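A short write-up of the structure that comes next.
Read-outs throughout are calculated quantities, based only on the coordinates presented, and are distinct from any laboratory measurement. Treat the numbers as computed from the prediction; the structure is a model and nothing was measured. Counting neighbours? That spans all protein chains shown, and the Cβs are built from the backbone with ideal geometry, glycine included.
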Amino acid sequence: MLFNSYPFLFVFLPICLVGFFAIGRYGKGFGAAWLGLASLFFYGWWDYRYVLLLLASIVGNFFLGRAIARRARTPPGKRLLTIAVIANLLLLGYYKYADFFLQSLAEVTGDQLGLMRVVLPLGISFFTFTQIAFLVDAYRGQAAEYRFVNYLLFVSYFPHLIAGPVLHHREMMPQFDLARTYRAHASNFTIGLTIFFLGLAKKVLIADNLAEHANAVFATSEPKSLFIAWGGVLAYTFQLYFDFSGYSDMAIGLSRLFGIKLPLNFNSPYKAVNIIEFWRRWHMTLSRFLRDYLYIPLGGSQRGRLRRYVNLMLTMLLGGLWHGAGWNFVLWGGLHGSYLVVNHLWSEATANARWRSRTSLSRTIASVALTFLLVSVAWVFFRAPDVPTARSLLIGMAGMSGVALPDALVNRIPVVGPWLEALGVELYLGGTTQFVKTWLWIAVGAFVAFLMPNTQEFMRRFSPALPNPAQEHGHELPTMLRAPWRPSARWAFLTAVLATLSLLSLTRPSEFLYFQF
């Protein structure tokens, strides 16, 4: 059931809200039970058979977590934790990586191994990582939950279930235990609906319109000329940005309707001045999970410089594989791992340089542009269906497949034609409309992503999400809109216009890109 669909918006959500606050009056446990059951129904709308898988995972981890918590920081507890984590990873590995392993083995051995054709359950990566974090925290003595209904809601809570954020037990359980959570508040509805419709607009008005221009370029591995290749890659770069940012806003807005705050998961990552900061802004709760439960247990930066870089690379390779079962995702993770290593080496080498202490707008713009360029190149592997397609696009982006422009476009500015021909630019017939639309939508995406405030900045007076887990950022790019949101007739009217335009665009609702992970 998609957030951007009529059944969700006009049937499921109203019934869920009314039931939550009506039943919650009789006790916190009743309200939590209603919301947990509604979340299971939400998940079962996709395929009811996989509700049993989700429930089995929840029940098993609940009892394992209780047992581990009673043996916190003891050898028996550590052994039980190891068994529990392995069991979770085996479940995830079977559903997500079995066919990838068999296919890779067949390519190495040359044998024709039959694929298992396993259907990937929605959200399995997210609810598995959420529960692994709970188990590890239980062993550390930082989490203990003895009420099954609260744990069921913690894992299955529908605003985060399919595509995150990856939740921490300590963030959510105190909120589920507050009596005021189960009482309707007008401010929560006002703030929640505003954030939700901002996210919906990002998805249906921007991301979905960019999708067709990206899909056309990534559909084949045929050579692409410079502007065609870059047009498709940048269209996907901004499509993914607004798709994931839109989902994150919608999840935060929906949760706020229930009086519950989710952690911030997206914070203008394309404004990052380096790759380290990019990963403090992009999918922030996953970055936190990889840091706390993989990078630091591997030794982090405490075992020497070389080990630090090895740990960084291993973390990003596994992070890439988490996103998808394919070598292109491994390459994407490896590329970002390399970026991070170079970024840390550069930071260490220039730590005492005087010019680093002086910030300027021009330096910030140059840093943001370089980071954005590197991230866009890496997205090629993330989006391409296979490595040959990614290689073909990278060749085109380097200009090695030629440079060409639509003939009709050049003829509108006849003075530039001879100059372009002298530079070796070829002209081709047709495709002008598609070419212009692609770059116009890229311009729209760039304007909103770089020059407009994000949702958290726009709603900053009303604490839209839990505190930012990332460190404070340095010099920011200036924004075009400085006036923050406040509950007023003007903002209500503008939100209503945005909501109407978004709802009228829901003729063919499309899945969020992170649903596939």
Rg and Dmax of the chain over Cα atoms: what are they, in angstrom? 24.2, 79
Relative to the longest principal axis of the C-alpha atoms of the chain, give the angle of the C-alpha long axis of helix 13-24, reported between 0 and 90° and rounded to the nearest 10°. 30
Relative contact order in percent for the stretch 189-516 (Cα pairs under 8 Å, 6+ apart) equals 28
Evaluate E = 1/(1 + (r/R0)^6) for Leu501 and Val18, where r is the Cβ-Cβ distance and R0 equals 22 Å; express this FRET efficiency to the nearest 0.05. 0.25
Give me the number: length gained by fully extending Arg391 to Ser362, i.e. 0.36 nm times residue separation minus the C-alpha to C-alpha distance, one decimal in nm. 7.2 nm
The stretch 176-239 - Rg (one decimal) and Dmax (whole number), Cα, Å: 19.9, 61
To the nearest 10 degrees, how steep is helix 489-504 against the longest Cα principal axis of the chain, on a 0 to 90 scale? 80
What ratio of Cα Rg to 2.2 N^0.38 Å holds for the stretch 107-205? 1.52
Against the longest alpha carbon principal axis of the chain, how many degrees, from 0 to 90 and to the nearest 10, is the axis of helix 432-451 turned? 50
Projected onto their principal axes, the Cα atoms of the stretch 202-314 stretch, largest extent first, over whole-Å spans of 46, 46, 24
Please state the equivalent ellipsoid semi-axes for the stretch 346-421: what are the square roots of 5 times the Cα gyration tensor eigenvalues, largest first, in whole Å? 35, 23, 10
Can you pull the one-decimal nm distance between simple spin-label points at Ser301 and Phe30, each 7 Å off the Cα toward Cβ? 5.3
Which trypsin sites (Lys or Arg not before Pro) from the stretch 97-194 combine a DSSP loop assignment with at most 12 other Cβ atoms within 10 Å? Arg117
Under the helix-only model (-39500 (n - 2.57) for each DSSP H run of 4 or more, divided by the residues of the chain), the mean residue ellipticity at 222 nm, to 500 deg cm²/dmol, is -20500 deg cm²/dmol
Please report how far the C-alpha centroid of the stretch 268-299 lies from that of the stretch 1-38, rounded to the nearest whole angstrom. 33
Fraction in percent of alpha-carbon pairs per bin - 5 Å, the stretch 385-458: 3, 13, 13, 16, 19, 15, 10, 6, 4, 1
